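Engineer: One structure is given below, represented as structure tokens, and several questions about it will come after.
Nothing in this text is a laboratory measurement; each read-out follows from the coordinates by a stated rule. All values reported here derive from a predicted model rather than from experimental measurement.
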Amino acid sequence: MAILEILEYPDPRLRTVAAPVAAVTDAIRRQADDMLETMYAAPGIGLAATQVDFHQRLLVIDVSEDQSQPLVFINPEIVAADGLAKNDEGCLSVPEIYEAVERAETIRVKALNREGKTFELEAEGLLAVCIQHEMDHLEGKLFVDYLSDMKRQRLKKKLAKARKRDAELAARETR
Ligand code: NI
């Protein structure tokens, strides 16, 4: 397995719309395993293929507290959605930023699993938020797109500052 590089906002590659996975092959399984390893190492609770510059409809999620319930969704589709709930979200591609986003409260999702078998899952709470957030990535959409322009501009400045700080720290350490 391998740790993959996670693209960070505003990298334009995060805007790519992912293509359907044509067949669940060993290469797709390896990609899913690498994504799980990358997500656990970050650490995060969800990762979409788009975020690691792989533009096929694949995402991994584990909302358990002890990284014991890995879920792989291939070609996911939301087949039912109900209610609305506003929750704080973060994203490995938008480090250190947490903002409230409104999404469906419960969803029913249909996808292929790691073995290529179709499954359906009823989700609520954190898992429902996470699935909807990761599926947005496959459309080239980020959670910051839901925020007002003013808020987004502020976030961009904050991120640029954080990156500058990290670069300065790295430079100091290698000196
Ligand atoms: Ni994300």
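Engineer: Taking the Cα atoms only, what angle lies between the long axis of helix 149-174 and the longest principal axis of the chain, rounded to 10 degrees?
Structural biologist: 70 degrees
Engineer: Here is a further query. P(r) tail for the stretch 1-51, what percent of Cα pairs lie past 18 Å?
Structural biologist: Within the stretch 1-51, distances greater than 18 Å cover 36 percent of Cα pairs.
Engineer: Find the lysine pairs in the chain meeting two conditions, Cα atoms under 24 Å apart and a separation of 8 or more places or different chains, and report how many there are.
Structural biologist: Total qualifying Lys-Lys pairs in the chain comes to 14.
Engineer: If you build the Cα gyration tensor of the stretch 71-150 and take the root of 5 times each eigenvalue, what three semi-axes come out, in whole angstrom, biggest first?
Structural biologist: Semi-axis lengths for the stretch 71-150 are 23, 15, 10 Å.
Engineer: Determine the relative contact order of the stretch 1-143: mean sequence separation of Cα pairs under 8 Å and six or more apart, normalised by residue count, in whole percent.
Structural biologist: About 26 percent, as a whole number.
Engineer: Now for a separate question. Considering every pair of different Cα atoms, what Kirkwood radius, in Å, is found for the stretch 103-175?
Structural biologist: Taking every pair of different Cα atoms in the stretch 103-175, averaging 1/r and inverting gives 15.6 Å.
Engineer: What is the Cα convex hull volume of the chain when expressed per residue in Å³?
Structural biologist: Enclosed volume per residue, from the Cα hull, is 123 Å³.
Engineer: Please report, for the Cα atoms of the stretch 30-128, the Rg to one decimal and the Dmax as a whole number; what are they, in angstrom?
Structural biologist: For the stretch 30-128, the Cα radius of gyration and maximum Cα-Cα distance read 13.4, 36 Å.
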